[in-house]
Structures are given as structure tokens and as C-alpha cells.
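Have a look at the structure below before the remarks.
The values are calculated or read from the model by the stated rules, or taken from the named source; none is laboratory data. Predicted model only: the values in this text are computed from it and were never measured. Note that we place each Cβ from the backbone using ideal geometry, even for glycine, and neighbour counts take in every protein chain shown.
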Amino acid sequence: MLVTHEAVQNLKEENEVLQKHFLERSFFKGDTCMKNPSHWEAHEGKCYYINLMFLSWEESREECRCRGGDLVKIESREEQIIMHSEDKFWIGLTDSKKEGSWFWVDGSPLSFWFGNEPDDWTGKNRAGEDCVRMGNKGPAADLKFWFDQSCDVPHKSICEKAAGTGSSSSVCV
């Protein structure tokens with residue numbers, strides 16, 4: 001995959017816009033996370049990082065781990081709303097160990113889905129859909145409305161860690 005200087009610059013600019021959006025939320029005021037080079041933002045004892053690289057679910061998870069966290073686990077309506085975006089982001093939910101048994105990356109089971117999800121659609125990948133992404137789709141985007149998808153499809157991702165943990169200078173290669 002060839003990455004041009006222009007593409008890198010566009011990603012940096014997009015990252016700045018997303019960081020600004022997060023910082024403008026009163027939601028983050030008063031919390032502390034390690035700042036600078038890692039760009040983590042805080043909310044109620046958790047830190048979030050928006051990874052703008054388009055990676056598979058596994059690659060996204062590895063990138064989060066390298067930064068001292070893991071893919072995000074959505075635990076509240078408020079958390080879902082701040083993560084809501086027009087874009088598609090990997091979150092820390094999968095049934096890759098056993099089809100139909102959905103677990104968060106911390107090992108806790110998922111107990112809810114919205115509408116006709118998960119559908120394990122096999123139209124593009126015979127193996128089905130074992131990983132989960134967020135993304136806007138109609139008026140229910142803030143109501144735990146996620147989509148199962150093939151883990152190999154590249155998306156951006158959202159990382160999460162406890163506030164005050166991990167290294168602020170992790171380097172991922």
C-alpha cells in the first residue's frame with residue numbers, strides 16, 4: 001500500500017478536526033489523561049484515542065494494545081453518543097471465537113443488539129461477519145446501533161484505556 005505525503009497530511013488534518021470535536025465536548029472537562037504525543041482524551045475515568053488508520057479489526061486491536069489500551073467497549077448511552085460519527089469505526093466486540101456468541105475484548109458478553117443485527121452476512125465473505133463497527137444509519141445511531149462485518153475490512157477504530165495508565169510515548173510499528 002503506497003501512502004503519499006498528501007494522504008498523510010489529509011489524515012493529520014482529519015485527526016485534528018476529530019480531536020477538536022472531542023475537546024469541545026463539555027463531557028471531557030475535568031478529567032485527565034496523558035496528553036500529547038498519544039492524543040488520548042478523557043471521560044469519566046477512561047481515555048479514548050481515535051485511530052484514523054484504515055486497518056482490519058485485529059490490526060486495529062493490536063494498534064490499541066500498543067498504545068496501552070484496547071478497542072473501545074461501549075457501556076452507556078452517553079458513551080455511545082460521543083462515539084457516534086458519520087464514519088465507520090471498529091469497536092471491541094467480536095464473535096470470532098464462537099459464531100453467535102458475542103464478547104467484548106475484556107471478555108464480558110454482549111446482551112443486546114438493535115433490529116436485525118447481527119446478520120452474519122456472507123455476501124462478500126463466506127466466513128461471515130465476526131467483528132463489529134459503529135456507523136451512522138438513520139435516527140437510531142445513538143442507540144447501540146452497531147453492525148457486524150468481516151474482520152478483514154479496513155476501518156478506523158476507537159481505542160480505550162483507564163485514565164492514568166499506559167505509556168504516553170508508546171511507539172507502534
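Some observations on this one:
- Lone qualifier among I74, I81 - being at pLDDT 55 or above, outside any loop (DSSP other than H, G, I, E, B) and surrounded by 13 or more Cβ atoms within 10 Å (Cβ to Cβ): I81
- Single residue of segment 147-165 satisfying the filter (over 18 Å from L55 (Cα atoms) and modelled with pLDDT of 50 or more) that is surrounded by the most Cβ atoms within 10 Å (Cβ to Cβ): K161
- Contact map, segment 40-65: residues that are on the phi > 0 side of the Ramachandran plot paired with residues that are surrounded by fewer than 18 Cβ atoms within 10 Å (Cβ to Cβ) and among the small types (G, A, S), Cβ distance under 6 Å, separation 6+ or inter-chain. Pairs shown: G45/A163.
- Residue that is surrounded by the most Cβ atoms within 10 Å (Cβ to Cβ) [pool: residues in segment 84-115 that are among the aromatic types (F, W, Y) and modelled with pLDDT under 80]: W113
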